[in-house]
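Have a look at the structure below, then the notes.
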């Protein structure tokens, strides 16, 4: 936000907009609705926007609605997102919007497109959206399979985080032991030097 203020002071509107959109994305991820509302209010003051900038704002508005909005607000933004797809994440947002508004068939079609496109995508997010989408169409066995995969992926990620934390703790412990060893060695040298002065 401070960077956006600086760019605003320098009248660098494109850079200010980029900063605000990045801040909005982060605030949505952190579920900070108050911050999101403030940023969205600032974004309404941008008049001269090109098509790409308008699309970026609209994508963030859908992300905001998916996190904090009502079903009607999401429904109002779906048609805009359908015409505004530029990444796999946009398709996943659209699938989530379909799921939250009860249009499970379209959600599953969007999710199928993510898989068949051959492009990289967020597996955890894909699985978390596909579970309710499959349940909504009565495909409970498939939903259970996706849920098992989701749990396995989450467990793997958590295990990696835990192992990294343990390794970090062990490394800190080794550093502390080395520091203690060097301190003892230095103390011995100092005492030997002092002892040499008296003998």
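Specify the residue that is surrounded by the fewest Cβ atoms within 10 Å (Cβ to Cβ); the eligible residues are those in the range 19-39 that are out of contact with any helix residue (DSSP H, G or I) (no Cβ under 7 Å at 6 or more places or on another chain) and part of a helix (DSSP H, G or I).
Among those that are out of contact with any helix residue (DSSP H, G or I) (no Cβ under 7 Å at 6 or more places or on another chain) and part of a helix (DSSP H, G or I), it is 34.
How many residues are more than 22 Å from the chain's Cα centre (by Cα) and more than 17 Å from residue 66 (Cα to Cα) if we restrict to the range 87-107?
Qualifying residue count for the region: 1.
Considering only residues that are touching a residue at least 24 places away in the same chain (Cβ under 8 Å), loosely packed, with under 14 Cβ neighbours inside 10 Å and closer than 16 Å to residue 18 by Cβ, which ones fall in the range 52-87?
86
All but one of (1) assigned to a helix (DSSP H, G or I); (2) over 20 Å from the mean Cα position of the chain (by Cα); (3) surrounded by fewer than 18 Cβ atoms within 10 Å (Cβ to Cβ) hold for residue 49; state the number of the condition that does not hold.
The one condition residue 49 does not meet is (1).
No value in this document is a laboratory result; all are computed from the given coordinates. Please read these numbers as outputs of a predicted model, since none were measured by experiment. Quick reminder, even Gly has a Cβ in these numbers, built from the backbone with ideal geometry, and neighbours come from all protein chains shown.
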